[in-house]
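One structure below.
The values are calculated or read from the model by the stated rules, or taken from the named source; none is laboratory data. All values reported here derive from a predicted model rather than from experimental measurement. Glycine also receives a Cβ, built like all others from the backbone with ideal geometry; neighbour counts cover every protein chain displayed. Just so you know, the surface numbers come from the protein's heavy atoms only, side chains and all, with ligands and any DNA or RNA stripped out. Shrake-Rupley method; radii C 1.70, N 1.55, O 1.52, S 1.80 Å.
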Amino acid sequence: MEDVVLLDFWPSTFAMRVKIALAEKGIKYACKQEDLFNKSPLLLEMNPIHKKIPVLIHNGKPISESLIIVQYIDEVWNHQSTLLPSDPYQRSQALFWADYIDKKIYGGIGKRIWMGKEDQEEAKEELMQHLKTIEGELGDKLYFGGEKIGYVDVALVPITSWFYTYETCGNFSIEAGCPKLVAWAKRCKENESVSKTLPDSLDIYGYVVQLKKRLGLQ
Amino acid sequence: MAEEVVLLDFWPSPFGMRVRIALAEKGIKYEYKEEDLKNKSALLLQMNPVHKKIPVLIHNGKPVCESLIQVQYIDEVWHHKSPLLPSDPYQRAIARFWADFVDKKIYDLGRKVWTTKGEEQEAAKKEFIESLKLLEGELGDKPYFGGENLGYVDVVLVPFYSWFYAYEKCGNFSIEAECPKLIAWAKRCMQKESVSKSLPDREKVYGFVLQLKKAFGIE
């Protein structure tokens, strides 16, 4: 009997990756919302090193770091919807692009945009450059994974729920610069694993507005 | 058909060292190409157009970039000998977690130790030692992070041992005094040829760091 628990925070793009992977595999799990300003004893016990979500707890044993969790899910529940390619070279390429996404797109660039300080213009330019690079990697494929959702799709698609927030706070259009990528995001949402996981863009925006108030920014 | 393996590298790079160790553990013959990072080769720019960094592993003409990805690739392709990652998915996730921890903490903190002074340097030294202590805790009483043999985390971490002397000289502290078990582990790793032949001499690394400090105008 599997026991799967996810320590989550609903706006977290890292946690969304895990939820999409669990949904792709049809895994039932208990989702526990964390208050990041008041972390639970369970979170601190299960991720003492980084004290961050997401944490996947499988039969009592914790796994941390979203991409590591997604790889773990893919390996353990390998009966359906494989996310990573079986060929070692293809796998290395998928790992490379997920790492690129982590370093360049998920690494705090969004925060520089929604915080709206002096470095906002620079951050916008950087983001568009990185999104264009990843758009180039997609090419004419339906998904980064080919005919169906794969590891890189799972790694990237959550950030698209934050695009509206970036665009509104930064006063620019991501679709204008990366139409193919936005089309890809829409295609991903035709998959239930994605559409049921990604929060509404307006809810993310509302969360950021509240967060800015809390941080004393306007 | 003969395997063709080329490694684009830079001798002081701990990331490059990881790949050298992995290739040596597997007994793979390869061509080593030293890059001049101030004058990157056309081959490097072609093989790693996204980051333009070393190391780059070129296997039968196809490039693999990023050291952790390269080590995993080597482990998967040449799986007949010296497995580096555990076979159990949970143990594998733990190994990946600690490799990720090394990547997030050790390089940047070490860099801060030799590039900064005063309060900033003291803070970096403190966090650096704290991180090494956490790794020491994970090692526990095992001879290697991989258990009885060298494993993924050992390969990922041990290259930084060649930089410890430079950190200590620049930061005026002793890593062995704070983390004796980790130093004992590093020396144990160095008894393996795959490691000792892949790590440069610590004085040479220190000399390189002094040159860099001059070039960057750091006292």
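Report, to the nearest whole %, how much of the accessible area of region A:118-160 belongs to carbon and sulfur atoms, 1.4 Å probe, protein only.
On the way: 880 of 1920 Å².
The value for region A:118-160 is 46 percent carbon and sulfur by accessible area.
Using the 2.2 N^0.38 Å rule of thumb for compact globular proteins, work out how chain A stacks up: its C-alpha Rg over that value, please.
Working: Rg = 17.2 Å, N = 218, 2.2 N^0.38 = 17.0 Å.
Dividing the Cα radius of gyration by 2.2 N^0.38 Å gives 1.01.
Rounding to the nearest 20 debye, state how big the charge dipole of the protein assembly as shown is about its Cα centre with +1 on each Lys and Arg Cβ and -1 on each Asp and Glu Cβ. Numbers along the way, then the final one.
Working: 59 positive and 62 negative charges, 92 e Å.
I would put it at about 440 debye.
Among DSSP bridges having both ends in chain B, what percentage is antiparallel? Round to the nearest 5. Let's see the in-between values first.
Working: 9 of 13 bridges.
Restricted to chain B, the bridges split so that about 70 percent are antiparallel.
Leaving out ligands, DNA and RNA, and with a 1.4 Å probe, what % of the accessible surface on region A:179-218 is carbon or sulfur?
Working: 1200 of 2490 Å².
C and S fraction of accessible area: 48 percent.
Output the relative contact order of chain B, whole-number percent, from Cα pairs under 8 angstrom with separation of 6+ residues. Mind dumping the intermediate values first?
Working: 262 pairs, mean separation 45.4, N = 219.
That works out to 21 percent.
Which of A:65, A:118, A:192 moves the most in a Gaussian network model of chain A with Cα springs under 10 Å?
A:118
Go through region B:75-96 and flag every residue whose accessible area shrinks by 50 Å² or more with all protein chains in place compared to the isolated chain (probe 1.4 Å).
At a threshold of 50 Å² (probe 1.4 Å), the residues of region B:75-96 that become less exposed are B:76, B:89, B:90, B:96.
Using the Karplus equation 6.51 cos²θ - 1.76 cosθ + 1.60 (θ = phi - 60°), what ³J(HN,Hα) coupling, rounded to whole Hz, does each residue of region A:120-137 give in order, writing x for Gly and Pro?
After applying 6.51 cos²θ - 1.76 cosθ + 1.60, I find 5, 4, 4, 5, 4, 4, 4, 4, 4, 4, 5, 5, 5, 4, 6, 4, x, 5 Hz.
Which residues of region A:53-75 bury at least 40 Å² of accessible area once all protein chains are present, versus their chain alone (1.4 Å probe)?
A:61, A:65, A:68, A:72, A:75
Using a ≥ b ≥ c from the Cα gyration tensor of region B:113-181 (square roots of the eigenvalues), is it rounded, prolate or oblate, where a/c under 1.5 gives rounded and otherwise the larger of a/b and b/c decides, a/b for prolate? Walk me through the numbers before you get to the answer.
Working: a/c = 2.58, a/b = 2.08, b/c = 1.24.
The shape class here is prolate.
Starting from a Cα-only point model with no solvent, please compute log10 I(q)/I(0) by Debye for region B:18-82 at q = 0.11, 0.26, 0.27 1/Å.
-0.25, -1.21, -1.28
With +1 assigned to the C-beta of every Lys and Arg and -1 to the C-beta of every Asp and Glu, and no other charges, what is the dipole magnitude of region B:20-83 about the Cα centre in debye, to the nearest 20? Write out the running numbers ahead of the final one.
On the way: 10 positive and 8 negative charges, 25 e Å.
Charge dipole of region B:20-83: 120 debye, to the nearest 20.
Say the dipole of chain B comes from +1 at the beta carbon of Lys and Arg and -1 at that of Asp and Glu; which of B:91, B:146, B:115 then lies farthest toward its positive end?
Value: B:115.
Can you grab the distance from the C-alpha centre of region B:143-189 to the C-alpha centre of region A:40-92, Å, no decimals?
Region B:143-189 and region A:40-92 have Cα centres separated by 27 Å.
When DSSP assigns beta bridges and you keep just the ones with both residues in region A:1-70, what percent turn out antiparallel, to the nearest 5? Spell out each step's value before the answer.
Details: 9 of 13 bridges.
Antiparallel bridges: around 70 percent, rounded to the nearest 5.
At the nearest 100 Å², what buried accessible area, both sides summed, do you get for A and B when the probe is 1.4 Å? Before the final figure, lay out the partial values.
Details: alone 11250 and 11440 Å², together 20500 Å².
Chain pair A/B: roughly 2200 Å² of buried accessible area.
How much of the accessible area of chain B, probe 1.4 Å, is carbon plus sulfur, in whole percent? Intermediate values should be presented prior to the final figure.
Values: 5220 of 10340 Å².
Carbon with sulfur: 50 percent of the solvent-accessible area.
Along the charge dipole of region B:24-89, which of B:59, B:47, B:70 sits closest to the positive end, that is, farthest toward it, with unit charges on the beta carbon of Lys, Arg, Asp and Glu (+1, +1, -1, -1)?
Farthest along the dipole direction, towards plus: B:47.
Pairs of alpha-carbon atoms within less than 8 angstrom and 6+ residues apart define the contacts here; what relative contact order does chain A have, in percent? Don't jump to the answer; show the numbers that get you there.
Working: 259 pairs, mean separation 44.6, N = 218.
RCO, chain A: 20 percent.
What is the dipole size for region A:59-218, taken about its Cα centre, with +1 at each Lys and Arg Cβ and -1 at each Asp and Glu Cβ, in debye to the nearest 20?
Numbers: 19 positive and 23 negative charges, 86 e Å.
Computed charge dipole of region A:59-218: roughly 420 debye.
How big is the antiparallel share of DSSP beta bridges in the protein assembly as shown, given as a percent to the nearest 5? Mind dumping the intermediate values first?
Numbers: 19 of 27 bridges.
The antiparallel proportion sits near 70 percent.
Of A:184, A:77, A:114, which has the largest mean-square fluctuation in a 10 Å C-alpha GNM of chain A?
A:77
Going by a 1.4 Å probe on protein heavy atoms, which residues of region A:80-102 end up with at least 50 Å² less accessible surface in the whole assembly than in their chain alone?
A:88, A:89, A:96
Whole number in Å², please: accessible area per residue of region B:114-158, 1.4 Å probe, ligands, DNA and RNA not counted. Can you show the working numbers first?
On the way: 2030 Å² over 45 residues.
Ligands and nucleic acids excluded, the figure is 45 Å² per residue.
Taking amide hydrogens as modeled 1.01 Å from N in the peptide plane, which residues meet the under 5 Å criterion relative to residue A:150, leaving out close sequence neighbours?
A:144, A:145
With the calculation restricted to Cα positions, what are the radius of gyration and Dmax of region A:93-151 in angstrom?
13.2, 42
In square angstrom, what is the accessible area per residue of chain A with a 1.4 angstrom probe? Spell out each step's value before the answer.
Values: 10150 Å² over 218 residues.
Value for chain A: 47 Å² per residue.
Do the sum for chain B: with -39,500 (n - 2.57) for every DSSP H run of n ≥ 4, divided by all residues, what is the mean residue ellipticity at 222 nm, to the nearest 500 deg cm²/dmol?
On the way: 11 runs with 129 residues, N = 219.
About -18000 deg cm²/dmol.
Pick from A:68, A:134, A:105: which is most flexible by mean-square fluctuation in a GNM of chain A where alpha carbon atoms under 10 Å apart are linked?
A:68
Kindly identify the protein assembly as shown as rounded, prolate or oblate by the Cα gyration tensor criterion: order the square roots of the eigenvalues as a ≥ b ≥ c, call it rounded if a/c is under 1.5, otherwise compare a/b with b/c, prolate if a/b is larger, else oblate. Intermediate values should be presented prior to the final figure.
On the way: a/c = 1.43, a/b = 1.36, b/c = 1.05.
Rounded, since a/c falls under 1.5.
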